[in-house]
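Asks: Here it is: the structure, laid out below.
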Amino acid sequence: MTTIEAQGVYYRELNEQLRAAVRGGAKEVVLEGVNGQRYIAAGLAVRAKIAIKGVPGNDLGAFMNGPRIEVFGNAQDGVGNTMNEGAIIVHGDAGDVLGYGMRGGKILVRGDVGYRVGIHMKAFKDQVPRIVVGGRAQDFFGEYMAGGILVLLGLDESNHRPLAGAYCGTGLHGGAIYVRGALPEHNVATEHVRSRPITDEDEASLRPLIEEFCELFAYEPDEVWRVPFSRLTPVSHRPFAANYAPNV
Amino acid sequence: MNRPYEKNISGCGLIGLLNRDRRRVSGGVIVPGIRLLHDRTNGLGGGFAGYGIYPEYAELYAFHLMCDDAAAQIAAEEFLQAKFAVEQAEEIPTLKRHPGISNVPLLRRYFLAPKISPEETEEDWVIAQVMHVNAKIDGAFVFSSGKNMGAFKAVGYAEDVAEFFRLEEYEGYCWTAHGRFPTNTQAWWGGAHPFTLLDYSVVHNGEISSYGINRRYLEQYGYRCTLHTDTEVMVYLLDLLIRRHGLSIETACAALAAPFWRDIERAPEGEREVLRALRMTYGSALVNGPFAILFAHSGGMVGFNDRIKLRPMIAAEKGKTLYVASEEASIRQVEPDLDRVWMPKAGEPVIGCLEDART
């Protein structure tokens, strides 16, 4: 295991040290004293494990293609921006636009997430990006989502905010949003998505994600499954078709 | 001072702290927080507002004046002497030179008692004098005009601006800081944040797309937009709605970032009518566009986002201190061990009040 002291180290220097460590064959790297350094592990295409102590800066793991990052703290905005493969695990909360344009891999967050999580996520063949949120999400959850899986658990029942903020699923035209319990209807973009109970097939695709989430964050799977899940599905593959002039 | 054309748009970094118990801390305390946000900014503007920094002159208006040249300064000074009893006039202390700060204007400050007749409303009258200097005296700008508070700003990176103005020598119970990234206009000293009027100050990340409408609306009430930056209207709108029209901070924010009509229709009876009336009355005060702002005043500090969260903002608490910033790491650079960190709901202000503030 390689430890890199990040306190006071500029993000470029920190990323150079991290890349040098994994190039040198390190399979596990611990970044100590991280605070606000941007772009950590951006574009890395290796199978290393990276532990982050502290609060990483924006665009953690952007364009990442393989590593497994574990954040022992909160994460800021833009986690997993356009990431392609690998995993990001956040033990605290994470900010806005998490998983923006994500194309593969997975992100698991124990706590709450901010605005526009999963915006423009997409899937292609066996590349299916997955995001699991243990807490609650703010507005525009799954906006313009084209593919992949978003799971929203709302496990902290002492929190009385709605599971997701307003405009959930606006412009969604592919993929699945799974919700433990139900969303208030006025927070769902009902012109673009419909809610229905999950099927056996849905449950099969959810199960490994829930198991992994529970193992990571010490939850009982039975407790998670105690509340029935629902699924948001797209109404149309072209939700804004009516906004354009017809082809004549 | 290089004065450009119309408005400015920016993508910036900001942080503020409020000690609700009035505990005063050095201006140097906030600097690591804004330095951490260096990469959000581009060196074309940095600034700070501090509250409680002039206790020896707490009853006097503290005017910070920047002037292009001696002629402008003489003209402004003559005007101030005619309108106010000048208790103290001095240079604003700065470093003689700083490698990150150039084109330094003449910087002076004045501690002033207004010479007004009893039938005048003192604050309106003082604002009129500020507007007069800024609009009528060529090359002179009052960039701070409150009591027991002050704004310090320049073209440069915020951390350099702090060194230049020797910020660590002041003590305040509230500090806000801003690093600028102007994208639409040239940078000049007056266009750096904060923007102030009396004790109100605003630092802002974003763009006020409704600047034109807001400006024309404000001009009807005697506000003159002279600083060529959109953020200016935010200060004047807050002054109009809160100080002059007597709205609470919550209500003023509900007018500036009014809920969408669909949300107003869903509001409980009573509240619904109030929100409707606010939107209709203050339609021209509606602030459109992406923004995160910190509004500070003698009684506290408010963090405030546009309705759909188009700019970052995070809040935290430690003991009696409230923090609001563009990034959590910025706050943790000031105070690593926080009691609580949260992501405020967009459009709903985070309101910090002094424990002893009159509200």
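Asks: Scan region A:52-77 residue by residue and report those that are in contact (Cβ under 8 Å) with a residue 40 or more places away in the chain, within 12 Å of another protein chain (Cβ to nearest Cβ) and surrounded by 24 or more Cβ atoms within 10 Å (Cβ to Cβ).
Replies: A:GLY57, A:GLN76
Asks: Still on this structure, please answer the following. So which strands (runs of 3 or more DSSP E) stay within region B:41-124 end to end and still have 1 or more residues that are surrounded by fewer than 16 Cβ atoms within 10 Å (Cβ to Cβ) and of a type in the set (S, T, N, Q)? Full working, then the answer.
Replies: Details: elements: B:46-51, B:61-67, B:84-91, B:106-114.
The strands (runs of 3 or more DSSP E) meeting that bar are B:84-91.
Asks: Output the number of the condition that B:LEU294 fails; it satisfies all remaining conditions of (1) surrounded by fewer than 23 Cβ atoms within 10 Å (Cβ to Cβ); (2) away from chain A (no Cβ under 11 Å); (3) not acidic (Asp, Glu).
Replies: (1)
Asks: Kindly indicate whether B:TYR51 is in contact with a Leu (Cβ under 6 Å, 6 or more places away or on another chain), under 29 Å from B:ARG215 (Cα atoms) and touching a residue at least 40 places away in the same chain (Cβ under 8 Å). Explain how you work it out, then say what you get.
Replies: Details: in contact with a Leu (Cβ under 6 Å, 6 or more places away or on another chain): no; under 29 Å from B:ARG215 (Cα atoms): yes; touching a residue at least 40 places away in the same chain (Cβ under 8 Å): yes.
So B:TYR51 fails the test.
Asks: Across region B:125-152, what is the total count of residues that are closer than 18 Å to B:PHE79 by Cβ and either touching a Phe, Trp or Tyr at 6+ places or on another chain (Cβ under 9 Å) or part of a strand (DSSP E or B) (or both)? So that I can check it myself, show each step before the final result.
Replies: Here is the first cut: in region B:125-152, the residues closer than 18 Å to B:PHE79 by Cβ are B:125-145.
Restricting the remaining residues to those that are either touching a Phe, Trp or Tyr at 6+ places or on another chain (Cβ under 9 Å) or part of a strand (DSSP E or B) (or both) gives B:126-127, B:129-134, B:136-137, B:140-145.
Count: 16.
Asks: I would also like to ask the following. Considering only residues of region B:297-306 that are touching a Pro at 6+ places or on another chain (Cβ under 9 Å), of a type outside the set (Gly, Ala, Ser) and surrounded by 24 or more Cβ atoms within 10 Å (Cβ to Cβ), which is nearest to the other protein chains (Cβ to nearest Cβ)? Talk me through it step by step, then tell me what you get.
Replies: To start, the set of residues in region B:297-306 that are touching a Pro at 6+ places or on another chain (Cβ under 9 Å) comprises B:302-306.
Adding the requirement that they be of a type outside the set (Gly, Ala, Ser) leaves B:302, B:304-306.
Now narrow it down to the ones that are surrounded by 24 or more Cβ atoms within 10 Å (Cβ to Cβ): B:302, B:304-305.
Numbers: B:VAL302: 20, B:PHE304: 15, B:ASN305: 10 Å.
Looking at the filtered set, the residue picked out is B:ASN305.
Asks: Contact list please: Cβ distance under 6 Å, first residue in region A:22-37 and more than 14 Å from chain B (Cβ to nearest Cβ), second residue surrounded by fewer than 23 Cβ atoms within 10 Å (Cβ to Cβ) and outside any loop (DSSP other than H, G, I, E, B), pairs at least six apart or on different chains.
Replies: Listed pairs, sorted by first residue: A:ALA26/A:THR2; A:GLU28/A:LYS49; A:VAL29/A:THR2; A:VAL29/A:ALA21; A:VAL30/A:THR3; A:VAL30/A:ALA51.
Asks: Out of (1) within 14 Å of chain A (Cβ to nearest Cβ); (2) at negative phi, what's the single condition that is false for B:LYS309?
Replies: (2)
Asks: So is A:GLY8 within 14 Å of chain B (Cβ to nearest Cβ) and either buried (at least 20 other Cβ atoms within 10 Å of the Cβ) or in a loop (DSSP other than H, G, I, E, B) (or both) or not? Quick ask: steps written out before the conclusion?
Replies: Working: within 14 Å of chain B (Cβ to nearest Cβ): yes; either buried (at least 20 other Cβ atoms within 10 Å of the Cβ) or in a loop (DSSP other than H, G, I, E, B) (or both): yes.
Answer is yes for this residue.
Asks: I would also like to ask the following. Provide a single number: the residues in region A:58-95 that are over 13 Å from the mean Cα position of the chain (by Cα), over 15 Å from B:VAL341 (Cβ atoms) and outside any strand (DSSP E or B).
Replies: 3
Asks: If a residue must be part of a loop (DSSP other than H, G, I, E, B) and either under 9 Å from A:PRO239 (Cβ atoms) or charged (D, E, K, R) (or both), how many such residues does region A:163-196 contain?
Replies: Just the residues of region A:163-196 that are part of a loop (DSSP other than H, G, I, E, B), to begin with: A:163, A:165-167, A:169-175, A:181-184, A:189-192.
Within this subset, residues satisfying the condition of being either under 9 Å from A:PRO239 (Cβ atoms) or charged (D, E, K, R) (or both) are A:170-173, A:189, A:191-192.
So the answer is 7.
Asks: If we keep just the residues of region B:313-331 that are within 11 Å of chain A (Cβ to nearest Cβ) and part of a strand (DSSP E or B), which is surrounded by the most Cβ atoms within 10 Å (Cβ to Cβ)? Show your work before the answer.
Replies: Just the residues of region B:313-331 that are within 11 Å of chain A (Cβ to nearest Cβ), to begin with: B:313-314, B:316, B:325-331.
Still in the running and part of a strand (DSSP E or B): B:314, B:316, B:325.
Values: B:ILE314: 28, B:ALA316: 21, B:ALA325: 31.
Only one residue tops the list, namely B:ALA325.
Asks: Filter region B:336-359 down to the residues that are more than 21 Å from the chain's Cα centre (by Cα) and in contact (Cβ under 8 Å) with a residue 60 or more places away in the chain, then identify the one that is farthest from A:ASN35 (Cα to Cα).
Replies: First, the residues of region B:336-359 that are more than 21 Å from the chain's Cα centre (by Cα): B:336-343, B:345, B:355-356.
Still in the list and also in contact (Cβ under 8 Å) with a residue 60 or more places away in the chain: B:355-356.
On the way: B:GLU355: 31, B:ASP356: 34 Å.
Only one residue tops the list, namely B:ASP356.
Asks: Look through region A:11-21, keep the residues that are more than 14 Å from chain B (Cβ to nearest Cβ) and exposed (fewer than 14 other Cβ atoms within 10 Å of the Cβ), and return whichever of them is farthest from B:GLU335 (Cα to Cα). Steps first, answer last, please.
Replies: Let us first name the residues in region A:11-21 that are more than 14 Å from chain B (Cβ to nearest Cβ), namely A:16-21.
Pick out the ones that are also exposed (fewer than 14 other Cβ atoms within 10 Å of the Cβ) and you get A:16, A:20.
Details: A:GLU16: 28, A:ALA20: 31 Å.
The qualifying residue farthest from B:GLU335 (Cα to Cα) is A:ALA20.
Asks: Do you know which residues across region B:271-306 are on the phi > 0 side of the Ramachandran plot and either of a type in the set (Lys, Arg) or modelled with pLDDT of 95 or more (or both)?
Replies: Matches in region B:271-306: B:GLY300 only.
Asks: Let me ask another. May I ask you to say which residue of A:ALA166, A:ALA176, A:ALA94 is within 13 Å of chain B (Cβ to nearest Cβ), in contact with a strand residue (DSSP E or B) (Cβ under 6 Å, 6 or more places away or on another chain) and small (Gly, Ala, Ser)?
Replies: A:ALA94
Asks: It is to be established whether one or more residues within region B:332-345 are β-branched (Val, Ile, Thr) and more than 14 Å from every other protein chain (Cβ to nearest Cβ).
Replies: Looking only at region B:332-345, we keep the residues that are β-branched (Val, Ile, Thr), and these are B:334, B:341.
Filter once more, so that each one left must be more than 14 Å from every other protein chain (Cβ to nearest Cβ): none.
The answer is no, given that none of the residues of region B:332-345 is β-branched (Val, Ile, Thr) and more than 14 Å from every other protein chain (Cβ to nearest Cβ).
Asks: For region B:238-271, give me each residue that is in a helix (DSSP H, G or I), over 24 Å from the mean Cα position of the chain (by Cα) and over 20 Å from B:ILE308 (Cα atoms). Give the derivation first.
Replies: Looking only at region B:238-271, we keep the residues that are in a helix (DSSP H, G or I), and these are B:238-244, B:249-256, B:261-266, B:271.
Adding the requirement that they be over 24 Å from the mean Cα position of the chain (by Cα) leaves B:261-266, B:271.
Result: B:GLU271, single match.
Asks: Looking at (1) free of Cβ contacts under 8 Å to residues at least 40 places away in the same chain; (2) buried (at least 23 other Cβ atoms within 10 Å of the Cβ), which one does A:TYR100 not meet, given that it meets all the others?
Replies: Of (1) free of Cβ contacts under 8 Å to residues at least 40 places away in the same chain; (2) buried (at least 23 other Cβ atoms within 10 Å of the Cβ), only one is false for A:TYR100: (2).
Asks: Could you pull out the residue among A:ASP139, A:ASP156 that is farther than 14 Å from A:LEU206 by Cβ, of a type in the set (D, E, K, R), over 15 Å from the mean Cα position of the chain (by Cα) and in a loop (DSSP other than H, G, I, E, B)? Write out each step before concluding.
Replies: Working: A:ASP139 fails: over 15 Å from the mean Cα position of the chain (by Cα).
Only one candidate qualifies: A:ASP156.
Asks: Go through region B:195-226 residue by residue and tally those that are assigned to a strand (DSSP E or B) and out of contact with any strand residue (DSSP E or B) (no Cβ under 8 Å at 6 or more places or on another chain). Give the derivation first.
Replies: Here is the first cut: in region B:195-226, the ones assigned to a strand (DSSP E or B) are B:195-197, B:200-206.
Going one step further and asking which of them are out of contact with any strand residue (DSSP E or B) (no Cβ under 8 Å at 6 or more places or on another chain), we end up with B:197.
Qualifying residue count for the region: 1.
Asks: So which residues in region A:24-48 are surrounded by 16 or more Cβ atoms within 10 Å (Cβ to Cβ) and either over 19 Å from the mean Cα position of the chain (by Cα) or not hydrophobic (A, V, I, L, M, F, W, C) (or both)? Before you say what the answer is, go through the steps one by one.
Replies: At the first step, the residues of region A:24-48 found to be surrounded by 16 or more Cβ atoms within 10 Å (Cβ to Cβ) are A:26, A:29-31, A:34-42, A:44, A:46, A:48.
A:ALA26, A:VAL29, A:VAL30, A:LEU31, A:VAL34, A:ASN35, A:GLY36, A:GLN37, A:ARG38, A:TYR39, A:VAL46, A:ALA48, listed by residue number.
Asks: Criterion first (farther than 18 Å from B:TYR51 by Cβ, within 14 Å of chain A (Cβ to nearest Cβ), crowded, with 19+ Cβ neighbours inside 10 Å and touching a helix residue (DSSP H, G or I) at 6+ places or on another chain (Cβ under 6 Å)) does B:ALA285 satisfy it? Can you show your working first?
Replies: Details: farther than 18 Å from B:TYR51 by Cβ: yes; within 14 Å of chain A (Cβ to nearest Cβ): no; crowded, with 19+ Cβ neighbours inside 10 Å: yes; touching a helix residue (DSSP H, G or I) at 6+ places or on another chain (Cβ under 6 Å): yes.
The answer is no for B:ALA285.
Asks: Checking A:VAL117 against (1) within 12 Å of another protein chain (Cβ to nearest Cβ); (2) within 20 Å of A:ALA176 (Cβ to Cβ); (3) surrounded by fewer than 24 Cβ atoms within 10 Å (Cβ to Cβ), which test does it fail?
Replies: A:VAL117 satisfies all of (1) within 12 Å of another protein chain (Cβ to nearest Cβ); (2) within 20 Å of A:ALA176 (Cβ to Cβ); (3) surrounded by fewer than 24 Cβ atoms within 10 Å (Cβ to Cβ) except (3).
The values are calculated or read from the model by the stated rules, or taken from the named source; none is laboratory data. Since the model is a prediction, treat every value here as computed from it, not as a measurement. As a convention, Cβ positions derive from the backbone with ideal geometry for all residues, glycine included, and neighbour counts pool all protein chains shown.
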